[in-house]
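Reading through the structure tokens given below for one structure.
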Amino acid sequence: MSKTGDRGQGTGDRKRKFQKNIFSVFCLLFSVFCFLGMGKPAAKKVYVKTLKNGHYQLIVDGRPYVVKGVCYNPVPIGSSHDYDFWSDAGEPWKKDGELMKKMGVNTVRFYNAGENTESVKKVVSGLYKLYGIRSMMGNWLGFWNYPAPFYDDENFRKKIKDEVIAMVEALKGEEGILAWVLGNENNYSFGGKINPWSSERIDKMGDERQCMLVRANVYYTLIEEIAKEIRRIDPNHPIVMGNGELICLDVANEFAKSIDIVGCVIYRGKTFGNIFSTLRQTYDKPVLFIEFGADAYNAYEKKEDEDAQGAFLESQWAQIYRNLANNPDGAGNCLGGTMFEWTDEWWKHNDYDANGLSIHDTESNWSNGSYYFDIKAERNMNMNEEWFGIVKLEPQKVEGINKRVPRKAYYMIREFWKNPRDVKKSARKK
């Protein structure tokens, strides 16, 4: 081979070596970017899909997802509503996560995020990575503010918006986040039923019906503003609006169009009635029951009644499944639900009586004829707030937390989720 050919071969070798070095440098830089989070892949999108038949499905990881969940606020016996379970060194969420996974729970609903963001991330991340349980993160939207939640005040509105956006910014990258929930039963404040509020501008209108509609307008406009801002900073998770029953959803249909899902708080006994068809006509959004259930205490017979609780919950889940997408018997606009609730709340009857926090009170808080098994109780007061748990708490402590004892409802719903078709057939015969 000639000397010229040798020089050409050497040049080719140097070129290949140079390209190899460039590639190595690129790989090194890419690794550094990934390490710093700059090369982190985009979060997988959770979204609502509208099918060709007009039905709705929640899509997670590219597949239909039915929310099989519980409302979660594990206040221990002897503590009150201000207990911070997020930062509890006993990590009650781990024991609960184990039980939830065995039951088939795939989602928990938190009413409000804790103040310590790192503690919240630890719980959300832990529930997902250890047990495959996703989190719906909520915000009260100032509903329990004292004094009342003045939604017609610009400063108050800004304060609420800032709180929600700060929460979304902090948690939107957590893999376990499923959705954002705005409010709970805030619409009950429009007519003065719970946490009433107003303004001089509204009061001047005089007519109470008109005042209620204007309050609805004011509130749902705030919801719309928050929803638009959430979508701007986090397009990967749907936005749920919490609403007590269907009250004022016709107003929401006009002013809160950016909501993805209507989250209903509803207590209608064994059935949800006409809610599915009514929503199609007034506020055509998919529905997710963010709070529903039955208590496990018979106020008439004055004793625990696990059978009644289980029967009511089973019937409710049968209706949920009947109205999922692609079921010819239903409306196709239901995405699932989160039962109220995971554990009993011993603090609920009188939150301000320190002596009562360690007593499982049996005095009823309100009346509801739809729960007919004990409606004949004195003064028809049959709803027991401290007894809604599908898991009982006992004073005895195990590994630093109150012992958990699943009720019959735990096992009945576990079996329903495994074999929903069989249970639905039996539900039709009842």
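Some observations on this one:
- Burial order of peptide ranges 296-306, 114-124 (average beta-carbon count within 10 Å, highest first): 296-306, 114-124
- Once the Kirkwood radius over Cα pairs is known for the stretch 293-391, the Stokes-Einstein relation at 37 °C and 0.692 mPa s delivers a diffusion coefficient of 224 µm²/s.
- Two-site label geometry, Met205 and Asn274: point separation in nm, points 7 Å out along Cα→Cβ: 2.6 nm
- Listed residue pairs exceeding 26 Å between alpha carbons, taken from Lys303/Lys392; Lys94/Lys418; Lys397/Lys418: Lys397/Lys418
- Cα-projected label distance for Ile233 with Tyr300, points at 7 Å along beta-carbon direction, nm: 5.1 nm
- Share, in percent, of DSSP beta bridges within the stretch 43-429 that are antiparallel, nearest 5: 30 percent
- Sites Ala148 and Ala354, calculated FRET efficiency, Cβ-Cβ separation with R0 22 Å, nearest 0.05: 0.25
- Normalised by the number of residues in the stretch 60-208, the mean separation of alpha-carbon contacts (under 8 Å, six or more apart) gives a relative contact order of 22 percent.
- Once the chain from Glu394 to Asp284 is taken as fully extended at 0.36 nm per residue, the excess over their C-alpha distance is 35.3 nm.
- The stretch 50-139: antiparallel DSSP beta bridges as a percent of all, rounded to 5: 30 percent
Laboratory data are not the source of any read-out in this text; all were calculated from the coordinates shown. None of these values were measured; they are calculated from a predicted model. Glycine also receives a Cβ, built like all others from the backbone with ideal geometry; neighbour counts cover every protein chain displayed.
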